[in-house]
Protein chains: 2
Amino acid sequence: MVGTDQRIRPFLWRAERLYPDVEIVSRTDDAVHRYDYGTYGNRVARLANALAAADIGPGDRVASLCWNHHRHFETYFGVPCMGAQLHTINPNLPKSHVEYIVGDAEDDLLFVDPHERETLEALADSEAFESVQQYVVMGDEVPETSLDPVVDYESFLADHEPSYDWPDVDEDQPAGMCYTSGTTGKPKGVEYTQQMIWSYTMSTLTPQMLGITDADVVMPLVPMFHSTGWGFSWAATAAGAKQVYPGPSPDSADLTRLIEEEGVTLTAGVPTIWIDLLEYLETHDADISSLEQIVAGGAPVPESLIRRLDEEHGVEVLHAWGMTELTAIGTVAHLPPDIAAADAETRYTKRQKQGRIVPGLEFQVVGEDGDEVPWDDATVGELYVRGPSVTTEYYRCPEANAEDLTADPGGDRGGEGGEWLATGDLVTVDAEGYVTLVDRDNDIINSGGEWISSVELENAMMGHDTVSEATVVGVPHDRYQERPLGFVVTAEGATIDPDVLREELRERIRADYPKWWTPDEIRFVDEIPRTATGKFDKITLRDAYRDHDVETNLEPEE
Amino acid sequence: MVGTDQRIRPFLWRAERLYPDVEIVSRTDDAVHRYDYGTYGNRVARLANALAAADIGPGDRVASLCWNHHRHFETYFGVPCMGAQLHTINPNLPKSHVEYIVGDAEDDLLFVDPHERETLEALADSEAFESVQQYVVMGDEVPETSLDPVVDYESFLADHEPSYDWPDVDEDQPAGMCYTSGTTGKPKGVEYTQQMIWSYTMSTLTPQMLGITDADVVMPLVPMFHSTGWGFSWAATAAGAKQVYPGPSPDSADLTRLIEEEGVTLTAGVPTIWIDLLEYLETHDADISSLEQIVAGGAPVPESLIRRLDEEHGVEVLHAWGMTELTAIGTVAHLPPDIAAADAETRYTKRQKQGRIVPGLEFQVVGEDGDEVPWDDATVGELYVRGPSVTTEYYRCPEANAEDLTADPGGDRGGEGGEWLATGDLVTVDAEGYVTLVDRDNDIINSGGEWISSVELENAMMGHDTVSEATVVGVPHDRYQERPLGFVVTAEGATIDPDVLREELRERIRADYPKWWTPDEIRFVDEIPRTATGKFDKITLRDAYRDHDVETNLEPEE
């Protein structure tokens, strides 16, 4: 190390000093809150003082169960810049996961949105929560709650100075943390050092990823608990861009209004959001002409969506692929000049792929023979990635290191780990280096960008007396990309009415998991196909039901 | 460190794999050489094999005395990617400096352009060159030379394989090196680690610095021995941009032809080049409409130049400031949206300033009282910078560390060094954070972007029997921004004819220094003003001669 350590704080400093008057807008339940980077910087400093007063220091973990709003954004700089670690938790997770995650991370303080407090109330007395010293409810008053000790965010900040003697944090200091779903229920923790976030933020600024400038109005719409909200908050700040936070549960009307009134130029989210938005715009007059680019990812983006946003609204969809382990985005489907100048079919074909690797990262796609596959758009292999913003180590999880990290892509795994992350995604690569996702680990279902563990659902169902075997696979769905479809073999001699059993199985699942984990349809079969090694053959099942229409009973906002 | 090490090689890999057909063009003495990133990658691998065969390994230093062409570009990746360190040397330096530099760096192998070999021939037998094991002349034949052992570059590569088993180099491994002028003659070495170059390259890609994309045609025109040619070669490769190398001593006609024929969109260089180019275009028909941006720096850029390039040719001048210690660029005069939309006067006023800090770096401007100056566009202070691509240590030079690096900007220096680089530049900052250079260390003269040490000239002149005192200051010059003006007090009783003495002084200087170091004018005075501490008062002298017209006898191409 001969240069200065790579730290997050210079990004904040740059926005505070060069763009003190640029706005940060945040939608609340009933209004729009706005201030500027100058005020933001003062509040971040007050937050750091408040954390220090609450005995949070370098290396301590501060967790959040929050959606996208200005207070959550304040923790994005306030927590890591004072040397602590921001651990963002997905409020959509099953309670058992939140319990495991808080216990594993030993979080010291928890920020929580008022309407997400019920999850914590149910868990606060558990052993896993012993480390938690303080709850801070995001808002200016404490709602009725059993959480204790508890304070509202504004009171937490109120008496503190708007400046802070920021430390020169070491670049290896963990600054962020996020857990990712495992296939068998135990979430795996990914830590982001100051350096990883610095690297990722610089990468996000490059035109090869997003090319954010101070002329942009950025709406960080990807939930900030999902892979750091794809890093939008940090990069937009580094660029001095105006930011628009969509607040709690924005619907298409909210998003349209924010785009129109605030002049949003760039945003990002899972395909479901854009499918809904297109539908909304069909029946509502709105001017979203300020919107230049949408980054879509988290689940494969249908070509029709890319085409319609382009042709009907002049919006360029940047299809991207990433993972929690990569901090966030690793590939983006930008078009080089020759393809950008080609006919529409060629362009849409490329845009629909997951994209090309961003500068600074490397990938390999390794076939079953252990060799890199040819870039022929046809040969399938597993995608391996490495780079400065890609983790080389799961938190306290040597078995995940052994399984998912290796020094030898395509070689035997299960060893000491290594720099190369095995993504579990099966892909092809075309001649221009565009990666296409063709399949992935069959134990995980991606419902509208959120992950469901089929193994956990199977365990829940097989716990029922009259069930002998159960499995769940993901089948394609127009709105949610994928929904779980259950298969059950009843125990010999069982006489239970199928509809009663279906309802009982659903109840078992709902007791432990969010409603959206519940299979919309449960089918009774004589046997479940097995692979040569005796495991459920989910590939065969998924293929057989590829065109099966699952009627989901989820409300759009869930 | 939880992410992978930051290394240069992924940038090369990305260009080789994603942009194998994109061209690299290189002007030679009488033609244009072209190949693509695919071939380039193969040649870089052959170079690495050739270096390994020549016993160059990790940590060894490989030096170059070369201009901008494809072979020099091959060393930019070939040397550091195999783990060695590329030490770029300025062929314009006084021979005594080259001698000192090669000896200090203990270079193992030297690449040299054919027409620069004379410098090395004169020094090869010196003790300082003991470490040098091999000379490689850039070309396909060895010219008549006393260098030994010597081989031409093409023969050096000829028998080697076009693939290399690249090591995973540690991010702290020195990858580059460049010496910068000291005020008192002893150049100071700056090492660039893999990490510093990675950081700088990512920074260069951001729109806040240059925003290079694969749609750009980049002409790396800044000499590649000057602060890594401002890093253009690495960033253009990371972006997959077409590159156009201007070759040896390009004149305005060469540059115009390259821009026109290759469709150059982005280039960079010192103001002198653009002053010449404008003059050339006045009398020559040429279509340089492909050119979108010129980065101008290395010396202050006159507003008239910015205005004329914009109004007459539609070219945006990005004024930039940097230093060898920063890898290269630290500020760029981009315009935020409100200023970009303002009237021409406002825009040119901002564009003429040295610019705003790029993301990832920090600066402070500290006044005489040791406090940060207000950003009022008026209060002058010294500029301090730090960041991941800014050195925190001079090579084997604790006295320079103590003098130029500190943990406490504005505090006492001379201690242990620290992260903050004292640039020696005196600047103001305006309300929007634009830095303006108002003065700098008075012992250094910037002639067309190249540095002249006035102290060395003074020592040379004072060695003459009939000279009692001598000093040299830089005075403003239209073409070269600054030229040295000499002042001499003759010894009591000396009767030498002034013109004879002038000529003898010039001869003394030319014996040890390049012709362009020679003061164009030497004035005889009764006494040289002194400061309170008894040093030559160069500020007073410079002020008195601010409007003095120096007739330079330099040829344009020198």
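The values are calculated or read from the model by the stated rules, or taken from the named source; none is laboratory data. Being a predicted model, the structure only gives us computed values, none of them experimental. Cβ placement follows ideal geometry from the backbone for every residue including glycine, while neighbour counts extend to all protein chains displayed. Surface areas here come from the heavy atoms of the whole protein model, side chains and all, with no ligands, DNA or RNA. Shrake-Rupley method; radii C 1.70, N 1.55, O 1.52, S 1.80 Å.
Here are the numbers for the structure shown:
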{"item": "Residues being small (G, A, S) and surrounded by 14 or more Cβ atoms within 10 Å (Cβ to Cβ) - total across the stretch B:509-526", "result": "0"}
{"item": "Qualifying residue in the stretch B:214-231 (condition: within 14 Å of chain A (Cβ to nearest Cβ), within 30 Å of B:R440 (Cα to Cα) and part of a strand (DSSP E or B))", "result": "no"}
{"item": "Residue within the stretch A:296-306 that is surrounded by fewer than 18 Cβ atoms within 10 Å (Cβ to Cβ), over 19 Å from the mean Cα position of the chain (by Cα) and modelled with pLDDT of 95 or more present", "result": "no"}
{"item": "Complete set of residues in the stretch B:1-46 that are without any contact (Cβ under 8 Å) to a residue 12 or more places away in the chain and among the basic types (K, R)", "result": "B:R17, B:R34"}
{"item": "Odd one out for B:V22, checked against (1) farther than 30 Å from A:S203 by Cβ; (2) modelled with pLDDT of 95 or more", "result": "(1)"}
{"item": "Qualifying residue in the stretch B:486-508 (condition: buried (at least 19 other Cβ atoms within 10 Å of the Cβ) and assigned to a loop (DSSP other than H, G, I, E, B))", "result": "no"}
{"item": "Cross-chain or 6+ apart pairs with Cβ under 7 Å, the stretch A:162-183 first and away from chain B (no Cβ under 11 Å) and more than 18 Å from A:Y200 (Cβ to Cβ), then of a type in the set (F, W, Y) and surrounded by 16 or more Cβ atoms within 10 Å (Cβ to Cβ)", "result": "A:S181/A:W451"}
{"item": "Residue pairs meeting the criteria (Cβ under 6 Å; at least 6 apart or on separate chains; first not β-branched (V, I, T), in the stretch A:306-317; second not in a loop (DSSP other than H, G, I, E, B))", "result": "A:R307/A:Y348; A:R308/A:L278; A:L309/A:V317; A:E316/A:Q293"}
{"item": "Failed item, numbered, when A:D276 is tested on (1) within 14 Å of chain B (Cβ to nearest Cβ); (2) touching a residue at least 60 places away in the same chain (Cβ under 8 Å); (3) open to solvent by 10 Å² or more (accessible area, probe 1.4 Å); (4) under 18 Å from A:L318 (Cα atoms)", "result": "(1)"}
{"item": "Checklist (1) surrounded by fewer than 22 Cβ atoms within 10 Å (Cβ to Cβ); (2) of a type in the set (V, I, T); (3) under 17 Å from B:K188 (Cβ atoms) applied to B:I452, failing item", "result": "(1)"}
{"item": "B:E416 touching a strand residue (DSSP E or B) at 6+ places or on another chain (Cβ under 6 Å) and farther than 16 Å from B:K188 by Cα", "result": "no"}
{"item": "Filtered residues of the stretch B:4-36 (kept if open to solvent by less than 10 Å² (accessible area, probe 1.4 Å) and more than 9 Å from chain A (Cβ to nearest Cβ))", "result": "B:I8, B:L12, B:A15, B:I24, B:V25, B:S26"}
{"item": "Residue list for the stretch A:428-470, restricted to those being in a strand (DSSP E or B) and of a type in the set (S, T, Y)", "result": "A:T428, A:T436, A:S447, A:S453, A:S468"}
{"item": "Residue in the stretch A:396-415 that is more than 12 Å from chain B (Cβ to nearest Cβ), open to solvent by 20 Å² or more (accessible area, probe 1.4 Å) and in contact with a Ser or Thr (Cβ under 6 Å, 6 or more places away or on another chain) present", "result": "yes"}
{"item": "Number of positions in the stretch B:234-252 that are within 14 Å of chain A (Cβ to nearest Cβ), under 22 Å from B:L277 (Cβ atoms) and among the polar types (S, T, N, Q)", "result": "0"}
{"item": "Residue within the stretch B:163-178 that is in a helix (DSSP H, G or I) and aliphatic (A, V, I, L, M) present", "result": "no"}
{"item": "Output for the stretch B:357-370, where each listed residue is modelled with pLDDT of 95 or more and charged (D, E, K, R)", "result": "B:E362"}
{"item": "Subset of the stretch B:329-350 [more than 11 Å from chain A (Cβ to nearest Cβ) and open to solvent by 10 Å² or more (accessible area, probe 1.4 Å)]", "result": "B:A342, B:D343, B:A344, B:E345, B:T346, B:R347, B:T349, B:K350"}
{"item": "Test for B:V380: is it in contact with a Leu (Cβ under 9 Å, 6 or more places away or on another chain), open to solvent by 20 Å² or more (accessible area, probe 1.4 Å) and modelled with pLDDT of 85 or more", "result": "yes"}
{"item": "Flag if A:M202 is buried (at least 24 other Cβ atoms within 10 Å of the Cβ), touching a Gly at 6+ places or on another chain (Cβ under 7 Å) and either free of Cβ contacts under 8 Å to residues at least 12 places away in the same chain or of a type in the set (A, V, I, L, M, F, W, C) (or both)", "result": "yes"}
{"item": "Residue satisfying all of: in the stretch B:133-154; more than 20 Å from B:D60 (Cα to Cα) and charged (D, E, K, R); least open to solvent (accessible area, probe 1.4 Å) among these", "result": "B:D152"}
{"item": "Residue tally, condition open to solvent by 60 Å² or more (accessible area, probe 1.4 Å), touching a strand residue (DSSP E or B) at 6+ places or on another chain (Cβ under 7 Å) and assigned to a loop (DSSP other than H, G, I, E, B), over the stretch B:527-545", "result": "1"}
{"item": "A:E551 being under 30 Å from A:A253 (Cα atoms), among the acidic types (D, E) and not in a strand (DSSP E or B)", "result": "yes"}
{"item": "The listed residue being in contact with a strand residue (DSSP E or B) (Cβ under 9 Å, 6 or more places away or on another chain), at positive phi and not assigned by TED's automatic domain parsing to the domain that holds B:P409, out of B:G355, B:G330", "result": "B:G355"}
{"item": "Selection within the stretch B:54-113 - polar (S, T, N, Q), surrounded by fewer than 23 Cβ atoms within 10 Å (Cβ to Cβ) and either at pLDDT 95 or above or in a loop (DSSP other than H, G, I, E, B) (or both)", "result": "B:N90, B:N92"}
{"item": "Hits in the stretch A:458-514 (condition: acidic (D, E) and over 23 Å from the mean Cα position of the chain (by Cα))", "result": "A:E458, A:D465, A:E469, A:E492, A:D497, A:D499, A:E503, A:E504, A:E507"}
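Each row is one residue, and each column tells you yes or no for (1) within 14 Å of B:T428 (Cα to Cα); (2) charged (D, E, K, R); (3) within 14 Å of chain A (Cβ to nearest Cβ).
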residue: B:E312; (1), (2), (3): no, yes, no
residue: B:W321; (1), (2), (3): yes, no, no
residue: B:T327; (1), (2), (3): no, no, yes
residue: B:Q352; (1), (2), (3): yes, no, no
residue: B:G360; (1), (2), (3): no, no, yes
residue: B:F363; (1), (2), (3): yes, no, yes
residue: B:G367; (1), (2), (3): yes, no, no
residue: B:A378; (1), (2), (3): yes, no, no
residue: B:E382; (1), (2), (3): yes, yes, no
